[in-house]
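To start, the structure under review is shown below, and the notes come after it.
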Amino acid sequence: MDNKNIQPESLMMSYGYKPELSEGAVKLPIFQTSTFVFKTAEEGKAFFELAYGIREKEQGEELGLIYSRINNPNLEVLENRLALWDKADDCAFFESGMSAISTVLLEFLNPGDIVLYSKPCYGGTDHFINHILPKYGILGIGYTSKDSQEEIIKLLEASGKADKLAVIYAETPANPSNDIIDLGMCKDIANTYSTADKKVMMVVDNTYMGPVWSSPMEHGADLIVYSATKYIGGHSDLIAGAVVGNAEVMQRVKVLRTFLGNMASPNTCWLLLRSLETLKIRMEQQMRNAVKVADFLNTHNKIEKVYYLGLLEKGTSQYELYQKQYTSPGAMISFDIKGGEKQAFQFLNALKLFKLAVSLGSTEGLAQHPASMTHIGIDEETRNAIGVTDKLVRLSIGVENEVDIINDIQQALSAVSPN
C-alpha cells in the first residue's frame with residue numbers, strides 16, 4: 001500500500017520505523033544515548049554541514065544521527081509522524097509548548113519588529129510577547145476576533161511602524177473564550193505587508209483543535225505551534241511542544257533549536273509516540289462527551305453563558321468561520337457562572353470527578369479558573385475586556401463516561417450559592 005493513500009491514524013503505529021534496525025522490536029526502543037558513531041570522518045563532516053545549515057541537502061540525502069541535542073531516532077520518528085497530520089514537510093519537538101512558541105518568535109522577529117497577536121491567548125504567550133520581547137525592542141500589538149481587517153490594519157498603522165510587521169500570531173480558538181480568528185484575513189494582512197525582501201510570517205497556535213480537527217496550513221499558515229502536553233500527549237504525564245511547517249522555515253526553526261538546546265528528550269518522545277497511536281480515538285471521545293456537557297450547561301439556571309463552538313448560532317460570522325476552519329466543535333468548554341469569583345470557586349471546590357488543575361486535552365476531565373490561574377499575569381482591565389472575568393470557568397472534557405461527567409458537574413453546581 002502507498003502511504004499517500006493511508007490515513008494518518010493508521011500510520012501512527014509504524015511510519016518512519018524499521019524494526020529490523022532495532023533487533024526486530026515491534027515498538028521503537030528508547031535511544032538513551034548522548035552521541036552517535038560515524039562510519040567515517042567524511043560522513044561526520046557531511047552530517048554537520050547539514051545540521052548547521054552550511055549547505056542544502058543533495059537529492060535523496062537525509063541528516064544522519066550526530067548528537068541527541070541535534071537529532072535522535074525517537075525524536076526523528078516522532079516528528080515524521082506528527083507532520084503527517086498537517087501534511088507538512090517537517091516538524092520539530094521541544095521540551096515544552098512555551099519553548100516551541102518562544103523559539104519561533106525569536107527566530108522570525110528582530111529588534112524593531114512588530115508581532116501582531118490575537119487576544120485572548122494563553123497567558124504564557126501573552127507574557128512572553130508583552131514582557132520578554134520588549135526587552136529586545138520588539139513590539140506586540142493585540143487584536144481580537146471582533147476586529148475587522150480594516151480595524152486591525154488601522155491599529156497597525158497607528159503604531160507608525162507598520163512596515164516593521166514581521167509575524168502575525170493567531171491562537172484559534174482562543175484560550176479560554178473559544179473565540180475564532182479568521183485565518184484567511186490574517187493571511188491577507190500578511191500578504192499586504194510582505195515585500196520582496198521580507199515575508200511576514202503567519203503562525204497559528206493549533207493546540208485547542210489540532211492536529212485532528214484543524215489544518216491551519218490549508219488556510220495560509222506558515223508555521224503551526226502546539227503545546228504537545230495537551231491533546232498530543234494526552235495523559236498528563238509529560239511536558240512538550242511542537243512546531244510544524246514546510247521545509248524552508250522548519251530548517252530555520254531546527255537550527256535555532258540546536259543552539260538553544262531545547263529539543264524534547266528521547267524519553268519524552270517515546271511517550272509521545274505512544275500517545276499518537278490513540279490521538280484520534282481520544283479526541284473524538286472527548287468531543288462526543290463535550291457536546292453532551294455543553295447542552296447540559298446551556299440550560300442550567302446557574303449558568304449565565306456557555307462558550308462552546310457547538311453552540312454557535314447559525315448565520316453568525318463566528319459560525320461561518322467555524323464551518324470553514326474546523327471539522328469538530330472540540331472538547332474545550334468555558335462558561336460564565338452566575339455571580340463571580342466566589343461562585344466559581346464554590347463550583348470548582350465541589351467537583352469530585354474533575355481534577356482542579358491547569359492544562360487541557362488529557363484523558364481525565366480538568367477544571368480551572370483562568371482569571372486567577374493561567375491568565376493572572378494579564379492586567380485586570382485587559383482580562384475583563386477579553387472576557388476572562390472572575391465568573392469564567394474553563395473545562396477540559398475527558399474520556400470518562402458522559403453520564404458521570406454531567407452528574408459531577410450537576411452536584412458541583414448544586415453547591416453554588418446565589419449571587
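Read-outs: derived from the displayed coordinates by stated rules, not from any lab. What you see is a predicted model, and the numbers here were worked out from it, not measured in a lab. Virtual Cβ from ideal backbone geometry, glycine too; neighbours counted across all protein chains shown.
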crowded, with 23+ Cβ neighbours inside 10 Å and not acidic (Asp, Glu): which single residue out of Leu133, Leu106, Leu82, Leu139 fits that description?
Leu82
Which one is nearest to the chain's Cα centre (by Cα), of the residues in region 1-28 that are exposed (fewer than 13 other Cβ atoms within 10 Å of the Cβ) and part of a loop (DSSP other than H, G, I, E, B)?
Gln7
Do you know which residues across region 358-398 are out of contact with any Lys or Arg (no Cβ under 7 Å at 6 or more places or on another chain), closer than 22 Å to Ala240 by Cβ, in contact (Cβ under 8 Å) with a residue 24 or more places away in the chain and of a type in the set (A, V, I, L, M)?
Ile397
Inspect region 224-233 for any residue being without any contact (Cβ under 8 Å) to a residue 12 or more places away in the chain and over 19 Å from Thr327 (Cβ atoms) and give the result as yes or no.
no
Considering only residues of region 163-199 that are of a type in the set (S, T, N, Q) and without any contact (Cβ under 8 Å) to a residue 24 or more places away in the chain, which is surrounded by the most Cβ atoms within 10 Å (Cβ to Cβ)?
Ser194
Residues of region 302-342 being among the aliphatic types (A, V, I, L, M) and touching a Ser or Thr at 6+ places or on another chain (Cβ under 9 Å), which ones?
Val306, Leu309, Leu321, Ala331, Met332, Ile333
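Taking region 378-399, which residues are assigned to a loop (DSSP other than H, G, I, E, B) and either in contact with an Asp or Glu (Cβ under 7 Å, 6 or more places away or on another chain) or polar (S, T, N, Q) (or both)? Give the derivation first.
Here is the first cut: in region 378-399, the residues assigned to a loop (DSSP other than H, G, I, E, B) are 378-379, 386-391, 397-399.
Selection gives Ile378, Thr389, Asp390, Lys391, Gly398.
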Ala331 vs (1) in contact (Cβ under 8 Å) with a residue 40 or more places away in the chain; (2) among the small types (Gly, Ala, Ser); (3) more than 19 Å from Asn206 (Cα to Cα): all pass except (3)
